[in-house]
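Structure record follows, encoded as C-alpha cells.
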4 protein chains.
Amino acid sequence: MVAGKKLSRFAMENINKITDIVIITTGGTIEKVYDELDGTLENRGTHIKNKIQSKLRLPYTNVAVYPLLNKDSLYMDDEDRRLIVMTVKDQLKKNCPIVVLHGTDTMSVSATKCFEEIHDLKVPVVFTGAMIPLGFEDSDAVQNVTEALLASKLLAPGVYISFHNQIFKLPNVRKNKDKRTFEGF
Amino acid sequence: MVAGKKLSRFAMENINKITDIVIITTGGTIEKVYDELDGTLENRGTHIKNKIQSKLRLPYTNVAVYPLLNKDSLYMDDEDRRLIVMTVKDQLKKNCPIVVLHGTDTMSVSATKCFEEIHDLKVPVVFTGAMIPLGFEDSDAVQNVTEALLASKLLAPGVYISFHNQIFKLPNVRKNKDKRTFEGF
Amino acid sequence: MVAGKKLSRFAMENINKITDIVIITTGGTIEKVYDELDGTLENRGTHIKNKIQSKLRLPYTNVAVYPLLNKDSLYMDDEDRRLIVMTVKDQLKKNCPIVVLHGTDTMSVSATKCFEEIHDLKVPVVFTGAMIPLGFEDSDAVQNVTEALLASKLLAPGVYISFHNQIFKLPNVRKNKDKRTFEGF
Amino acid sequence: MVAGKKLSRFAMENINKITDIVIITTGGTIEKVYDELDGTLENRGTHIKNKIQSKLRLPYTNVAVYPLLNKDSLYMDDEDRRLIVMTVKDQLKKNCPIVVLHGTDTMSVSATKCFEEIHDLKVPVVFTGAMIPLGFEDSDAVQNVTEALLASKLLAPGVYISFHNQIFKLPNVRKNKDKRTFEGF
C-alpha cells in the first residue's frame, strides 16, 4: 500500500471548517424501532438525525441524511446492493465523506460491492451499524455512529467498516458472530 | 507538511491487532463526581475505566489508566504541567497512543506544553475532556472519550486536542467559551 | 364499599419497618430482552431484581422475586392462569404484598381471575407490566414497577392493576390499546 | 387514629378521572442544574415539568407547577418557611393533592411547619426531594417524584414525606445522613 494514499484528510483543511457528511440509511439493527402497539421491533424509517442531535455534540459537522432502505440486511438481495452502490456513487458527487448505516449480517457484502464497483474515490465511504438498536440502554449504536463520523473525517479515501472503535479497510472484512463484532481476514 | 508523516497508523498493522492505549487522568470536569453527602461536585479520583467498560464496546482496545492528578484545570500551575509533560514522556516509552483526560479551561495550555517539550513523537498524544461531567445524562464525556480513543489509533504522531468530533493539532488551539467547544486559530 | 376495608396498611405499622414484597414474574413486554445474536426480542427469564437494584433506592423494601412464567401474555391459556392464581395463593401465605409482572394484553384477564378466585385477602395483589420493555431508554417499566411497589404498601387488601401512576381496582379494568394504557369501565 | 380518616381517596372517585396535582418547587438538590459555562451545580429555576413529561407517562394526572423558591434548603430561614406554609395554604384552595419539592437537609423542618400550621386538610401534602439531582444518570429524583405523585393520590389527608418508596407521616420524621434517606423517630 502506498503511503501517500493513506493521508488523513483533515491535515489539509481549515481546522475550523465544518465538514458535510452524508449518512445513507439502509435499515439494519441500528435503526430498528419498537412499536408498542404490536410489540414488534422493526425497521420503519430513519430517526438517526434526531438521535444524533439529541445525543452528540457536533459543532463542526453538518449531517445530511439520505434515507434509502429500511431492511434487515439478512433480506437484502442483489437489487438492494445495486441500489446501495448507485446511491453511494450518486452522493459522492457532493465530494464529502459518506457514512452508510447498514445491518451487520451482510454489511461486509454491501461494503465489498462498493469497494469493487466504485473507483477513484476522493473521500472515505464508511459503513457502520450496531449489534443492539438505537433506543436500548445498552446499544452500541451511538458509539458506532460517533466513531464512523470521526473516521469519515480522518481516513484516506477508501471503503471501510467502522465498528467498536476499530477501522477495517475493505476487502477482507467479515462479521464474527461469536465475538459479536467485525474482524479482518 | 510532508505527506509521509501524516500516515494513519492502522494501515501498517495487523487489522485485528488489539491496540494498547494509555489514558492519563488529571481531573477536570469530565471526572467530577457528585457527593450526595455534602452536595459537592468535585474531582475525587478516576472512574473512567469502569465507565468505559460499562458504556463502550472495545474488543480491539486495551486501555490502561494512569491516574495522575485530580484537579480542576483552572487551578493547575506550572508544577502540575511539568508533571503532565514528564508523565506523558514516561508513558511514551510504552510506545502506544496516549489519551490525556484534562479540564477544558486550561487544556490547550497543557497540550501546548506537551507540544513544545516532547519531540520525536512516534505515537499520537490526544487530549480530551468534557463540558459536562461523566454521570450526567447530557454529558459529552463518553462521546469525547470514544472519539479520542479512535483518534489515537488513526492519527499520525503529534499532539492533538480531540473534542466534539473534531481534531485540532497543536499548537494554536483554544477553548471558545461562548461556543462551548474548542477551535483552532 | 365499606370505608374500613380501604384502610391504608402503613398507618398501622412501624414507620421504619422494612416491607417484604413478593414479585411474581410471568413474562410480558416488561421483561422482553433483546438477543443480539439472533435479533429477537423475547421473554427469556427474569432480570427484574437486578434492574430494581440498579435503578431504584429501596432501603425499606425487601423484594423476593418468584419467577413463574416467561410468556407473552397473548399466548397465555387457562392453564397458565390457573398457575398464576395458584402461585398467588401460595405466596399469600407469606402475608406480604404481592406484585405480579404480566404482559399487558391479557393482564386484566389474569387479574380478574385472581379477583374471582382468591378471597379473604389480607394484603394487596398488584398487577403491573409495561408498554415498552425494560432496557429501552423510553420504557415505562421502571415507572410502573416503582409505582406498583409503593401501591402494594399503601393499598387496602384487594386485587389491583397499577399502571402509569393510576390504580385500578378489579374487576372492570381493561387495556385501552388506542390510549396505550389501562382504564376502568 | 380513627380509621375513617385514613381512607385512600381514590376509592371514592371515578376510576378514570384525571387527577390535578400541584407541585410547589422550592429548589433543593432535586432541581440543581449544572452550568457548563462556570461549572457550578445550583438551583436556577424549575425544570420539573419538562422532566416529568419526558420521563413519565401520566395519562391520568394533570400536573400544575408552582415555582416558589430556588434554594438549597440548608440556607432556608424562617421567612422562607413561612412562605412555604402560606403557599401550601393558598394552593389548598384548589382542593387537589400537593407535592412539594424541597431540599433534603431541612425538608423535615418545613414539612413539620406545615403539619403544625395547616389544619383541616382535605388532601395530602407530600414533600419529596432527592439525594442526587435530576439530570444525573444515578439520580433518585425521578423515582421520588413518581412515588410522591402516586402517594398524593392514595394517601389520606395529612402532611407526609415520601422518599425512596417509603411514606413517613409528619411529625417525627428526619433525614438520616448516614443512611442517605429519611426515617421516622
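The values are calculated or read from the model by the stated rules, or taken from the named source; none is laboratory data. What you are looking at is a predicted structure, and each value in this text was computed from that prediction instead of being measured. Cβ coordinates were reconstructed from backbone atoms using ideal geometry, including for glycine residues, and neighbour counts include every protein chain displayed. Side chains are part of the model used for accessible areas, which takes the heavy atoms of the whole protein and leaves out ligands, DNA and RNA. Shrake-Rupley method; radii C 1.70, N 1.55, O 1.52, S 1.80 Å.
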- Query: Can we say A:LEU101 is surrounded by 14 or more Cβ atoms within 10 Å (Cβ to Cβ), modelled with pLDDT of 95 or more and touching a Leu at 6+ places or on another chain (Cβ under 8 Å)?
  - Reply: no
- Task: Test B:ASP178 against the stated conditions and say whether it is within 14 Å of chain A (Cβ to nearest Cβ), closer than 30 Å to D:ALA141 by Cα and charged (D, E, K, R).
- Result: no
- Message: Going residue by residue through segment D:162-170, is there one that turns out to be within 12 Å of chain C (Cβ to nearest Cβ), in a loop (DSSP other than H, G, I, E, B) and within 23 Å of C:GLN166 (Cβ to Cβ)?
- Response: yes
- Only one of these conditions is not met by A:CYS114: (1) without any contact (Cβ under 8 Å) to a residue 60 or more places away in the chain; (2) of a type in the set (A, V, I, L, M, F, W, C); (3) open to solvent by 20 Å² or more (accessible area, probe 1.4 Å). Which number is it? (3)
- Message: What are the pairs with Cβ atoms under 7 angstrom where one residue, in segment B:82-96, is surrounded by fewer than 19 Cβ atoms within 10 Å (Cβ to Cβ) and the other, located anywhere, is acidic (Asp, Glu) and part of a helix (DSSP H, G or I)? Sequence gap at least six, or different chains.
- Response: B:VAL85/B:GLU117
- Conditions: (1) open to solvent by less than 10 Å² (accessible area, probe 1.4 Å); (2) touching a residue at least 40 places away in the same chain (Cβ under 8 Å); (3) closer than 30 Å to C:THR40 by Cβ; (4) outside any loop (DSSP other than H, G, I, E, B). C:VAL142 meets all but one. Number of the miss? (1)
- Message: Could you go through segment C:170-183 and let me know if any residue there is of a type in the set (Val, Ile, Thr), out of contact with any helix residue (DSSP H, G or I) (no Cβ under 8 Å at 6 or more places or on another chain) and open to solvent by less than 10 Å² (accessible area, probe 1.4 Å).
- Response: yes
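To keep it simple, each residue is scored yes or no on (1) more than 19 Å from C:LEU154 (Cβ to Cβ); (2) in contact with a helix residue (DSSP H, G or I) (Cβ under 8 Å, 6 or more places away or on another chain); (3) away from chain C (no Cβ under 11 Å); (4) not small (Gly, Ala, Ser).
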| position | (1), (2), (3), (4) |
| --- | --- |
| D:MET107 | yes, yes, yes, yes |
| D:GLU116 | yes, no, yes, yes |
| D:LEU121 | no, yes, yes, yes |
| D:ALA130 | yes, yes, no, no |
| D:ASP138 | yes, no, no, yes |
| D:ASN144 | no, yes, no, yes |
| D:LYS153 | no, yes, no, yes |
| D:PRO157 | no, yes, yes, yes |
- Note on the structure: The one condition D:ASN176 fails out of (1) touching a Lys or Arg at 6+ places or on another chain (Cβ under 9 Å); (2) free of Cβ contacts under 8 Å to residues at least 24 places away in the same chain is (1)
- Note on the structure: The condition of being at pLDDT 95 or above, surrounded by fewer than 21 Cβ atoms within 10 Å (Cβ to Cβ) and touching a strand residue (DSSP E or B) at 6+ places or on another chain (Cβ under 6 Å) holds, among D:THR40, D:THR19, only for D:THR19
- Any hit, segment C:75-91, residues being out of contact with any Leu (no Cβ under 6 Å at 6 or more places or on another chain) and either in a strand (DSSP E or B) or within 14 Å of chain D (Cβ to nearest Cβ) (or both): no
- Message: Just to be sure before I move on: is B:VAL123 within 27 Å of A:ILE161 (Cβ to Cβ) and modelled with pLDDT of 95 or more in the structure I sent?
- Response: yes
- Item | Filter result (in contact (Cβ under 8 Å) with a residue 60 or more places away in the chain and either touching a helix residue (DSSP H, G or I) at 6+ places or on another chain (Cβ under 7 Å) or within 30 Å of D:PHE163 (Cα to Cα) (or both)) within segment C:35-77 | C:HIS47, C:ILE48, C:LYS51, C:ILE52, C:LYS55, C:LEU56, C:LEU58, C:THR61, C:VAL63
- Unmet requirement for C:ALA130, which otherwise passes all of (1) in contact with an Asp or Glu (Cβ under 7 Å, 6 or more places away or on another chain); (2) closer than 26 Å to C:ASN62 by Cβ; (3) open to solvent by 10 Å² or more (accessible area, probe 1.4 Å): (3)
- Message: Take the residues in segment B:73-123 that are of a type in the set (D, E, K, R) and under 15 Å from the mean Cα position of the chain (by Cα); name whichever of them is nearest to B:LEU41 (Cα to Cα).
- Response: B:ASP105
- Query: Taking segment D:37-63 only, how many residues are among the aliphatic types (A, V, I, L, M) and over 19 Å from the mean Cα position of the chain (by Cα)?
  - Reply: 2
- Tally of residues being among the β-branched types (Val, Ile, Thr) and either open to solvent by 80 Å² or more (accessible area, probe 1.4 Å) or in a loop (DSSP other than H, G, I, E, B) (or both) across segment D:43-74: 1
